[in-house]
Amino acid sequence: MSLGSEFKEFIARGNVIDLAVGVVIGGAFGKIVTSLVDQVIMPPIGWLIGGVDFASLKWTLPANPANPDGAPVAIEHGAFLNTIIQFLIVAFVIFMVVKGINKFRREQPAEDPGPSSTDALLMEIRDELKARK
């Protein structure tokens, strides 16, 4: 099998295409969640606690004695908090989607249909042979 035909077979598999679609949709969903957190969820929370904008929360470190003219360095813990909230939202949405899918996948246990006609015939022959002995 040539490399080209192997590659075509690999790409044509449903799993690869499904994965690619999932990655693209996941990236787009990530942007939606980022917007939801930054523009919808965090402003009211900031307003409730006194007008704090979480994205702007940071700790600015003191000037470096070895480079006093250098740009100040800041630890942006507010942006990190936004990222944690985004993760929790994504995790919750994925949980709900998987829960919904699992609900549809659960099937009632099927009633035992009994032996097939071939199995019934074989059991009948077996019983007849036992009776002859």
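The values are calculated or read from the model by the stated rules, or taken from the named source; none is laboratory data. As the structure is a prediction and not an experimental result, all values here were calculated from the model. Cβ: placed from backbone, ideal geometry, glycine included. Neighbour counts: every protein chain shown. Surface areas here come from the heavy atoms of the whole protein model, side chains and all, with no ligands, DNA or RNA. Shrake-Rupley method; radii C 1.70, N 1.55, O 1.52, S 1.80 Å.
At a glance:
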item	result
Odd one out for Ala79, checked against (1) open to solvent by 60 Å² or more (accessible area, probe 1.4 Å); (2) modelled with pLDDT of 85 or more; (3) within 24 Å of Thr34 (Cβ to Cβ)	(1)
Test result for Phe95, touching a residue at least 40 places away in the same chain (Cβ under 8 Å), assigned to a helix (DSSP H, G or I) and not hydroxyl-bearing (Ser, Thr, Tyr)	no
Phe54 being closer than 20 Å to Gly30 by Cβ and either open to solvent by less than 100 Å² (accessible area, probe 1.4 Å) or touching a residue at least 24 places away in the same chain (Cβ under 8 Å) (or both)	yes
Matching entry among Ser2, Ser35 (being over 25 Å from Ala74 (Cα atoms), over 17 Å from the mean Cα position of the chain (by Cα) and not hydrophobic (A, V, I, L, M, F, W, C))	Ser2
Number of the exception - Leu88 against (1) modelled with pLDDT of 85 or more; (2) of a type outside the set (D, E, K, R); (3) surrounded by fewer than 10 Cβ atoms within 10 Å (Cβ to Cβ)	(3)
Residue selected from the range 1-60 under the condition over 25 Å from Phe80 (Cα atoms) and basic (Lys, Arg), by the criterion modelled with the lowest pLDDT	Arg13
Odd one out for Leu61, checked against (1) over 24 Å from Phe29 (Cα atoms); (2) open to solvent by 90 Å² or more (accessible area, probe 1.4 Å)	(2)
Where Ala28 falls short, out of the listed (1) in contact (Cβ under 8 Å) with a residue 12 or more places away in the chain; (2) under 18 Å from Ala91 (Cβ atoms)	(1)
Flag if Gln108 is open to solvent by 90 Å² or more (accessible area, probe 1.4 Å) and either at pLDDT 85 or above or not β-branched (Val, Ile, Thr) (or both)	yes
Subset of the range 1-39 [open to solvent by less than 70 Å² (accessible area, probe 1.4 Å) and of a type in the set (Asp, Glu)]	Asp38
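Yes/no per residue for (1) more than 27 Å from the chain's Cα centre (by Cα); (2) among the polar types (S, T, N, Q); (3) loosely packed, with under 12 Cβ neighbours inside 10 Å:
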position: Ile41; (1), (2), (3): no, no, no
position: Gly46; (1), (2), (3): yes, no, no
position: Ala66; (1), (2), (3): yes, no, yes
position: Ala71; (1), (2), (3): yes, no, yes
position: Phe92; (1), (2), (3): no, no, yes
